[in-house]
Amino acid sequence: MSKPIVLMIIDMQQGMSWPQAGERNNPNAEHEIAELLAHWRSIHAPIVHVRHLSNEPESLFWPDQDGALFQDAFQPLADEKVIEKSVPDAFTFSDLESWLRDQDTQALVVVGVSTNNSVESTARSAGNLGFNTYVVGSACFAFEKDDFFGLSRSADEVHAMSLANLHGEYATVITQDEAFALLPQEHTSLSD
């Protein structure tokens, strides 16, 4: 039996879709994530949902309010792993690494938000811990941000730089089609 390829969906919470989250890129990301999720579920491959719960009361992701809830399209099923975090990296202060090792994980496919924060932080740790890590660039998005020198950077620029930071060093950045190709297709009967 082949080792599992795990889909990790990071921080797809209601607050990420609110205007106060900021100007973002990749408006089709949610659609791509939903397609990947449906495919993983169709062949019963393992899925991890990561949710950010902030320690800051004014945050969109303060526990027990709507911003912290999973978006309807990304509600975990009962048999899917949920990781809650209060820092960008889903491996920190969680059992994620041990859970992945218990699954005998072959590879990790990371999607979600935001590319330069929780996605990048988690993918870096995954790579450093020796997991074969893929990031689906078109199934992630970022928000505009000022750089260190005060220059305003568009969400596309932030996203592109973050993917460049990851690719070839901590992870392999792939397309949605390449992510689908990592998994076996749905089972068909011998009479097909």
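Once you've got the GNM for the chain with C-alpha springs shorter than 10 Å, pick whichever of 49, 167, 159 has the biggest mean-square fluctuation.
For the chain, modelled as a Gaussian network with Cα springs under 10 Å, the answer is 167.
Per 5 Å bin, what is the whole-percent P(r) computed from every C-alpha pair distance within the stretch 129-169?
The distribution over the stretch 129-169 is 6, 20, 27, 20, 14, 9, 4, 0, given as percents.
Amide H of residue 133: which non-local residues (sequence gap of 5 or more, or other chain) have their own amide H closer than 5 Å, using H built in the peptide plane?
108, 172
Just to check I understand the Karplus step: with θ = phi - 60° and J = 6.51 cos²θ - 1.76 cosθ + 1.60, what whole-Hz values come out for the stretch 139-148, glycine and proline as x?
Those phi angles translate into 10, 10, 8, 10, 10, 4, 7, 6, 7, 4 Hz.
Could you give me D for the stretch 1-90, from Stokes-Einstein at 37 °C and 0.692 mPa s, where the hydrodynamic radius is the Kirkwood radius over C-alpha pairs? Units µm² s⁻¹, please.
On the way: Rh = 14.1 Å.
Estimated diffusion coefficient is 234 µm²/s.
Take 58, 35 and sort them by solvent-accessible surface of the protein heavy atoms, 1.4 Å probe, largest at the top. Walk me through the numbers on the way to the answer.
On the way: 58 140, 35 70 Å².
Largest accessible area first, the list is 58, 35.
For the chain, set up a Gaussian network in which alpha carbons nearer than 10 Å are linked by springs, and say which option among 137, 112, 127 fluctuates the most.
Result for the chain, Cα springs under 10 Å: 127 fluctuates most.
List the lysines whose Cα sits under 29 Å from the Cα of residue 145, skipping any in the same chain fewer than 8 residues away.
Of all the lysines, those that pass the test against residue 145 - Cα under 29 Å, at least 8 places apart if same chain - are 85.
How large is ³J(HN,Hα), in whole Hz, for each residue of the stretch 66-77 in order, when computed from phi with the Karplus curve 6.51 cos²θ - 1.76 cosθ + 1.60 and θ = phi - 60°, using x for Gly and Pro?
4, x, 7, 6, 4, 4, 3, 5, 10, 5, x, 7
Could you work out, for the stretch 99-178, what percent of all Cα-Cα pairs fall into each 5 Å distance bin, beginning at 0 Å and stopping at the bin that holds the largest distance?
The distribution over the stretch 99-178 is 3, 16, 27, 22, 15, 9, 4, 2, 1, given as percents.
In bins 5 Å wide, starting from 0, what share of all Cα pairs of the stretch 35-192 does each bin hold, as a percent?
P(r) for the stretch 35-192, in whole percents per bin: 2, 8, 16, 20, 22, 16, 9, 4, 2, 1, 0, 0, 0.
If you add up the charges near residue 170, with Lys and Arg at +1 and Asp and Glu at -1, over every other residue whose beta carbon is less than 14 angstrom from its beta carbon, what do you get? Don't skip to the end; give the middle numbers.
On the way: positive: 124; negative: 89, 120, 169.
Net of charged neighbours comes to -2.
Within a Cβ distance under 10 Å of residue 129, other residues only, what is the Lys/Arg minus Asp/Glu net charge? It would help to have the intermediate numbers written out before the result.
Values: positive: 101, 124; negative: 97.
Surrounding charge for residue 129 is +1.
The values are calculated or read from the model by the stated rules, or taken from the named source; none is laboratory data. The model shown is predicted, which means the values in this text are computed figures rather than measured ones. So basically every Cβ, Gly included, is an ideal-geometry build from the backbone, and we count neighbours across all protein chains shown. To get the accessible areas, we keep the full protein, side chains included, count just its heavy atoms, and leave off ligands, DNA and RNA. Shrake-Rupley method; radii C 1.70, N 1.55, O 1.52, S 1.80 Å.
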